[in-house]
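Just below is one structure, and these are the notes that go with it.
The values are calculated or read from the model by the stated rules, or taken from the named source; none is laboratory data. Predicted, not measured: the structure shown is a model, and the values here were computed from it. Note that each Cβ is placed from the backbone with ideal geometry, even for glycine, and that neighbours are counted across all protein chains shown. Accessible surface is based on the protein model in full, side chains and every heavy atom, while ligands, DNA and RNA are left aside. Shrake-Rupley method; radii C 1.70, N 1.55, O 1.52, S 1.80 Å.
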Amino acid sequence: DMERQLTKFEKEVDTAKCRTLTEFAKLAKGMKSVTEYAATSTVEAFAETYALYKLNPKGIELMNPKLATWLKRQGYLMGEK
């Protein structure tokens with residue numbers, strides 16, 4: 001039924017979010033926060049880093065080449081790449 005499908009989808013989304021944040025945190029470990037706000041949580045760190053990567057990929061690459069590669073390959077969508 002529709003409710004069961006929605007619940008399954010929501011669980012899959014939550015799993016993907018957790019995986020993405022876990023992978024991001026591993027890759028960003030020890031990296032200086034890209035903004036002051038990014039230092040407030042892993043979710044905000046991912047959001048701010050992603051936004052800055054879209055604006056200036058070379059800047060993120062200089063800060064953290066592995067993280068830049070992960071963002072470039074859309075690891076946040078597909079799992080670690």
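For SER33 and LEU77 in the same chain, what is the full-extension length gain: residue separation times 0.36 nm, less their Cα-Cα distance, in nm?
13.6 nm
In the chain, if every C-alpha pair distance is counted and binned at 10 Å from zero, what percent goes to each bin?
Here the calculated profile for the chain is 18, 47, 21, 10, 3.
Quick one: helix 42-55 against the long Cα principal axis of the chain, what's the angle to the nearest 10°, folded into 0 to 90?
Between the helix axis and the principal axis of the chain, the angle is about 60 degrees.
Compute the angle between helix 2-28 and the longest alpha-carbon principal axis of the chain, please, reported from 0 to 90 degrees and rounded to the nearest 10.
The answer is roughly 20 degrees.
In Å², and per residue, what accessible area does the chain have when probed at 1.4 Å with the other protein chains present?
Solvent-accessible surface per residue comes out at 76 Å².
Under 21 Å between alpha carbons: how many lysine pairs meet that in the chain, if sequence neighbours fewer than 8 apart on the same chain are excluded?
Total qualifying Lys-Lys pairs in the chain comes to 29.
When the helix-only estimate is applied to the chain (DSSP H runs of n ≥ 4, each -39,500 (n - 2.57), divided by the residue count), what is the mean residue ellipticity at 222 nm, nearest 500 deg cm²/dmol?
That comes out to -23000 deg cm²/dmol.
Calculate the spin-label point distance for LYS54 paired with ARG19, positioning each point 7 Å from the Cα along the beta-carbon direction, and give it in nanometres.
So the two model labels end up 2.2 nm from each other.
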